[in-house]
Amino acid sequence: MQGYIVKRILIAAFTVFTVLTVVFFVFRLGPADPVMVMLPPNATPQDAENLTKKFGLDKPLMVQYGNYLKNAFRGDFGSSFRFDEPALRVLLMRFPATLKLGLVTFILSVTVGLSIGLISAVKPDSIIDRIGRLFALAGMSLPSFWVGIMLILFFGVTLRWLPIAGRGTPLHYIMPAFCMSLYPIALITRLSRSSMLDALKSDYVVMARIKGVPEFYVILVHAFKNASIPVITVIFGIFGALMVGSAVVVEYIFSWPGIGRLVMESFFARDYPVVQVFVIVVTCMVVTLNLIVDIIYAYIDPRIRYQ
Amino acid sequence: MHSNQDNLLELQDVTTTFFTKQGEVRAVDGVSFSVGKGEVVGLVGESGCGKSVTSLSIMRLVPQPAGKIVSGRILFKNEDLMEKTAEEMRQLRGDRISMILQDPMVAMNQLLTVGKQLGEPYKFHDKVRGSLREMCIRLLEKVKVPAPESRVDDYPFQFSGGMSQRALIAMGIANNPDLLIADEPTTALDVTIAAQVLKLMKEIQRETDASIILITHDLATVAQICTRVIVMYAGRIVETAPIKIFYKNPAHPYSVGLIRSVPVLGQPVDRLFSISGQPPSLFAMPKGCRFAPRCNKAEKKCFKHYPPETWLDENHSVACWLYPGD
Amino acid sequence: MNFFSKKNKKKAKRRGGVRPPYIGLFCLGLFFTAVIFANVIAPYDPNEGDLFSTTIPPVWEKDGSLAHILGTDMLGRDVLSRIIHGSRMSLLISVGCILFYGSLGVVLGLISGFRGGRTDMVIMRLADLWLSLPGVIVLFMLAAVHGPSAKTIIITFGIMGWPGYARIVRGECLSLKQRDFVRLARVAGCSKLRIMFSHILPNIINTIIIMATIEIGGIIVMTASMSFLGLGTQPPSCDWGLMLAEGRQYITYAWWLVTFPGLAIVITVLGFNLTGDWLREVMDPKQKLR
């Protein structure tokens, strides 16, 4: 068990290291001059020279790489041009807004997706199953950014029921959270339904019924525990990656002051240190989530625990 | 069929149908038989002939929602199981009626300890006296799993195939059921371990005087522990006979073929006999006798009408036109 | 393409029960008509604006005109024509992505399944890791360095999408490896490369096509949202995502600019998803793909 977790942590650390390296080389070795890329549009040649010195870009590449890693471990990823502050701090200041919206979305998608999926599997072809399947199809086929726009058009512009931008009141959460959870709900519903159906068909479930185990216990303990493994992979593993994309889109549409909107603003203002730090922080988050999944696996599945 | 008050179990004209997208399939078609108290009956046939579905029908555990017992009566201790509520059935299952599945590797929940799974028949029938763990250990002892005190906390993947099958048997016999259905309990095991498991079942049967329905496609297994044989073909019973008569004097051509296809120890044979052809597709059942297309004694009549059940003597019945009935 | 062959159609019929997705096929029909006959059926040049007839509403609205059925945008360009031509960009980008990462995934999956051992472990571990990386961050990096364009999108999703394919192909490859014809080929002394590409690949082509059909809907949504953010195609291209981005600024008084391009995406994606689900159910009864 300990060996397993240590191994996972090492893999996670290695991943973060790889991403740091890739980010470095992509930004330094791209066809564009890194100084020109890093500079704000209205910079003078003097600025360019200063920047070259400041980043040590006149030094050999490997020395630059060493310095970059050293700074990265100290949490120094350069400064934002727009705010004249450390890029990491700029990002972290906008982080709570994203986290709150993400958390609401997460809870919404998991509770709704899981319960529809489970009920559909236990009672196939029931009304809930049919509605669930329709909803899953819709969630898979409707682009969340368009749904966002339509919601704004309908509830914000035409009916004027809900605020269309910013955050503050619980009302502000309704449209962005709905928009963001549409696809994850569809995904979780589909997956939990199919893996629960598989589990309910399995011999160990038949055996449990043979032993006279009550149905709710069969479903919740025998079937669900087994069905949960692929669902957990999706909820934590893929969810992280998925959420980043839709957070950027949804925050952009609803002017939500989180890191997704920040990275868009920074990108168009060519404030690349912030974009870079966004890439790194997001990867670290995703890697951490995967680590959590691995540990949950070990908790659920004895075959991993006793490896 | 002779109705008998001493019968523990009696199936009367049971039909179980699966409603699939491709059409209706009668997996069990009008099956009637009975099992006496303490009797060990072998239910024999090729795979897909409806043996397993018959046993699941008795347990009222036919896979839902596709499968359904559409007609017939299943009398257990003279009470019709078809009229029981789901809760009444649950209370019977794992207590008075139990079953052992064939593949222990998939019949055990890999994520729960063996002890936890062993304890379930006690726990859900209010049979826990003292420590549940203690009861599980004693159960493992009974099926001769070595070191039961430590094994009880193991997970199924830490058990060998033979040990898993023993643990599965232990789950089946936990509450000393009156009827134990064993669905190919030795198929997934290698020969020596299979023999041990069979011996164990015999011992348990003697000890508890339970009735056993042994489902198998292996006549050698039947010969070892059964007193009576029921042969199924394509969803119907074709022959019922006491074991000795069955081996000496099989009546149905299918039974004859089955017996001839078993090699006999010590008798050299050039070539092992095999019944030619394939069992009929469940979607396209022949109108007459289902075995007729493969039968070397088939006549015109066989292809037109299904033969009625004929009693050759008190315990021996067959469904074949070769034996004109009364 | 062997999967449209008669034999398979018969098979599908015998397995029966699963109704063809009429709605999905209809949607796909609309989409491909637009792609193929864009030049013929589009009433106007999609990029030609008319500054005297800007933001005309659709024909059924009060100020609508028959000349522009779905209205015009702020530069006076015909919305219907732009949507029809936009289908081409949509198909181009999504097929580009799929071809790119599909071939990458197939090759890596074949190598992984065929070689086994350490190579297999490394590739599969890499696939796990890859799957957890958000595509959008790679897009940000590439767009920062190369500038946003349709090409950047194709490259980004091209490098990001392979793990799904690699896993499926690997699984198929592992089971095919045990089959007699592959063993025979080995005994006959065929080279590994030859076995991989002329014996194993033809046998998994159906799986690959089904998977592409299932995935293409998601790709269209993904690439459209990136163009919507301004990270993909740039004006004045005809692209549905881009049209939505432009229309969004006028949402308060020109609702049609944000409604119809989105509907076009929904119809297309629905078409691919429904057809893909059906194909999977008919061709893949064991549900290897999920």
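Descriptive notes on the structure:
- Within the option set C:F3, C:F32, being modelled with pLDDT of 80 or more and not polar (S, T, N, Q) holds for one residue only, C:F32.
- Scanning the range A:136-174 for residues that are within 12 Å of chain C (Cβ to nearest Cβ) and in contact (Cβ under 8 Å) with a residue 12 or more places away in the chain yields a total of 16.
- Candidates C:G276, C:G232: the one that is open to solvent by less than 20 Å² (accessible area, probe 1.4 Å), under 14 Å from the mean Cα position of the chain (by Cα), within 20 Å of C:L99 (Cα to Cα) and at pLDDT 80 or above is C:G276.
- Helices (runs of 4 or more DSSP H) contained in the range C:116-189 and holding at least 1 residues more than 8 Å from chain A (Cβ to nearest Cβ), among the polar types (S, T, N, Q) and within 30 Å of A:G260 (Cα to Cα): C:150-160
- When C:G109 is tested against (1) surrounded by 22 or more Cβ atoms within 10 Å (Cβ to Cβ); (2) outside any helix (DSSP H, G or I), exactly one condition is not met: (2).
- Flag for A:R209 being in a helix (DSSP H, G or I), of a type in the set (K, R) and more than 10 Å from every other protein chain (Cβ to nearest Cβ): no
- Taken as a whole, the condition of being surrounded by fewer than 20 Cβ atoms within 10 Å (Cβ to Cβ), more than 30 Å from C:M141 (Cβ to Cβ) and more than 14 Å from the chain's Cα centre (by Cα) applies to C:I205.
- Residue among B:E79, B:E24 that is open to solvent by 40 Å² or more (accessible area, probe 1.4 Å) and within 14 Å of chain C (Cβ to nearest Cβ): B:E24
- Restricting the range A:41-66 to residues that are surrounded by 11 or more Cβ atoms within 10 Å (Cβ to Cβ) and under 27 Å from A:R94 (Cα atoms), the residue that is modelled with the lowest pLDDT: A:F55
- Test: B:G30 is touching a Pro at 6+ places or on another chain (Cβ under 8 Å) and either open to solvent by less than 10 Å² (accessible area, probe 1.4 Å) or within 18 Å of B:G235 (Cβ to Cβ) (or both): no
- Residue match in the range B:130-145 (condition: on the phi > 0 side of the Ramachandran plot, touching a residue at least 40 places away in the same chain (Cβ under 8 Å), open to solvent by 10 Å² or more (accessible area, probe 1.4 Å) and within 24 Å of the chain's Cα centre (by Cα)): yes
- Of all residues in the range B:165-208, those satisfying the criterion of being farther than 25 Å from B:L219 by Cβ, of a type outside the set (A, V, I, L, M, F, W, C) and either open to solvent by 30 Å² or more (accessible area, probe 1.4 Å) or touching a Pro at 6+ places or on another chain (Cβ under 6 Å) (or both) are B:N175, B:N176, B:D178, B:E207, B:T208.
- B:F303 meets the conditions (1) farther than 17 Å from B:V28 by Cα; (2) at pLDDT below 85 in every case but one. The failed one is (2).
Table: residues versus (1) in contact with a helix residue (DSSP H, G or I) (Cβ under 6 Å, 6 or more places away or on another chain); (2) open to solvent by less than 10 Å² (accessible area, probe 1.4 Å); (3) outside the structural domain of A:T18 (by TED's automatic domain parsing).
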residue: A:V248; (1), (2), (3): yes, yes, yes
residue: A:E251; (1), (2), (3): yes, yes, yes
residue: A:P257; (1), (2), (3): yes, no, yes
residue: A:R261; (1), (2), (3): yes, no, yes
residue: A:D271; (1), (2), (3): no, yes, yes
residue: A:V274; (1), (2), (3): yes, yes, yes
residue: A:F278; (1), (2), (3): yes, yes, yes
residue: A:T283; (1), (2), (3): yes, yes, yes
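- For C:L257, the criteria (1) facing chain A (nearest Cβ under 9 Å); (2) open to solvent by less than 30 Å² (accessible area, probe 1.4 Å) hold in every case but one, which is (1).
- In the set (1) surrounded by 13 or more Cβ atoms within 10 Å (Cβ to Cβ); (2) modelled with pLDDT under 80; (3) among the small types (G, A, S), C:G71 fails one condition alone, (2).
- Entry remark, the range A:149-173: residues being crowded, with 16+ Cβ neighbours inside 10 Å and on the phi > 0 side of the Ramachandran plot number 0 in total.
- Any hit, the range B:94-109, residues being at the interface with another protein chain (Cβ under 10 Å from one of its Cβ atoms), open to solvent by 30 Å² or more (accessible area, probe 1.4 Å) and farther than 24 Å from B:M201 by Cβ: no
- Selection count, the range B:136-155, where residues are within 30 Å of B:V41 (Cβ to Cβ) and either in contact with a helix residue (DSSP H, G or I) (Cβ under 6 Å, 6 or more places away or on another chain) or assigned to a loop (DSSP other than H, G, I, E, B) (or both): 7
- Subset of the range B:117-126 (residues that are assigned to a helix (DSSP H, G or I), within 9 Å of chain A (Cβ to nearest Cβ) and open to solvent by 10 Å² or more (accessible area, probe 1.4 Å)): B:K123
- When C:A34 is tested against the conditions (1) in a loop (DSSP other than H, G, I, E, B); (2) within 27 Å of the chain's Cα centre (by Cα), the lone failure is (1).
The values are calculated or read from the model by the stated rules, or taken from the named source; none is laboratory data. Everything quoted here is computed from the prediction, not taken from an experiment. So basically every Cβ, Gly included, is an ideal-geometry build from the backbone, and we count neighbours across all protein chains shown. Protein only, heavy atoms only, side chains kept; ligands, DNA and RNA dropped before computing areas. Shrake-Rupley method; radii C 1.70, N 1.55, O 1.52, S 1.80 Å.
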